[in-house]
1. Could you grab me the full set of residues in region 54-82 that are touching a helix residue (DSSP H, G or I) at 6+ places or on another chain (Cβ under 7 Å), buried (at least 17 other Cβ atoms within 10 Å of the Cβ) and assigned to a loop (DSSP other than H, G, I, E, B)?
2. Taking region 21-71, which residues are free of Cβ contacts under 8 Å to residues at least 12 places away in the same chain and closer than 15 Å to T116 by Cα?
3. Looking only at region 114-159, count how many residues are in contact (Cβ under 8 Å) with a residue 12 or more places away in the chain, out of contact with any Gly (no Cβ under 7 Å at 6 or more places or on another chain), assigned to a loop (DSSP other than H, G, I, E, B) and among the aliphatic types (A, V, I, L, M).
4. Just need a number here: residues in region 4-16 that are closer than 26 Å to L48 by Cα and either part of a loop (DSSP other than H, G, I, E, B) or modelled with pLDDT of 95 or more (or both).
5. Within region 95-113, is even one residue among the small types (G, A, S), in a loop (DSSP other than H, G, I, E, B) and under 14 Å from A25 (Cβ atoms)?
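The values are calculated or read from the model by the stated rules, or taken from the named source; none is laboratory data. Quick caveat: nothing in here was measured; it's all calculated off a predicted structure. Positions of Cβ are backbone-derived with ideal geometry, glycine not excepted, and every protein chain shown enters the neighbour counts.
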Amino acid sequence: MGRSGHIADIRSHIGTRLLLMPAAAAAVFDAERRLLLLRHVHDGTWGLPGGAMEPEETPADAASRELREEAGLDLRPEAVIGVCGGTGHVVSYPNGDRTAYVTTLFAFHLDGQQVTPDGTEVDRARWLPLDDTPELTMDSSTVELVTTVRSWVSAAPTGRPARFRH
């Protein structure tokens, strides 16, 4: 979870004050309609692949980049599931930095590739059946993202939306 040069520059001016940050996340479904979760090395919590956007990067490109970096998957998003933010998405880092993320959540479908955790940011992968309530440690933002995914899937008549265009 390195800090980009762009964020380091902003932090040099504002210190640890709350920073509003755009982010993107990937809801990856396998053929059995299970959801991919990854375990974060730094604290052992489980989450969706995702992270902060870079300057001039589209949300779709950011979600694809994070998915490639964290899970070794080269996929393109098919649909926007939702946008999440608010108090449950404020993160306080050990160095005192505070960031409020606004995350655009995209649907991806696995196409036979193998999930390969990068070993640096994430060390394990697990497929979550959407009707399962796992005994996994998740932060509040992940709980909201997973809830958003479940609502989106249950509202889609076929379970697969029209393809996303970017």
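1. If the condition is that a residue be touching a helix residue (DSSP H, G or I) at 6+ places or on another chain (Cβ under 7 Å), buried (at least 17 other Cβ atoms within 10 Å of the Cβ) and assigned to a loop (DSSP other than H, G, I, E, B), then L73, L75, P77 are the ones that fit.
2. R65, R68
3. Counting residues in region 114-159 that are in contact (Cβ under 8 Å) with a residue 12 or more places away in the chain, out of contact with any Gly (no Cβ under 7 Å at 6 or more places or on another chain), assigned to a loop (DSSP other than H, G, I, E, B) and among the aliphatic types (A, V, I, L, M) gives 2.
4. 2
5. Step one: filter region 95-113 for residues among the small types (G, A, S), giving 96, 100, 107, 112.
Add one more test, that the residue is in a loop (DSSP other than H, G, I, E, B), and what stays is 96, 112.
Right, trim to under 14 Å from A25 (Cβ atoms) and you get none.
No, because not a single residue in region 95-113 is among the small types (G, A, S), in a loop (DSSP other than H, G, I, E, B) and under 14 Å from A25 (Cβ atoms).
Residues are listed down the side, and each one gets a yes or a no for (1) surrounded by 18 or more Cβ atoms within 10 Å (Cβ to Cβ); (2) under 23 Å from G44 (Cα atoms):
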position	(1), (2)
C84	yes, yes
T87	no, yes
V90	no, yes
A100	no, yes
A107	yes, no
T116	no, yes
R126	no, yes
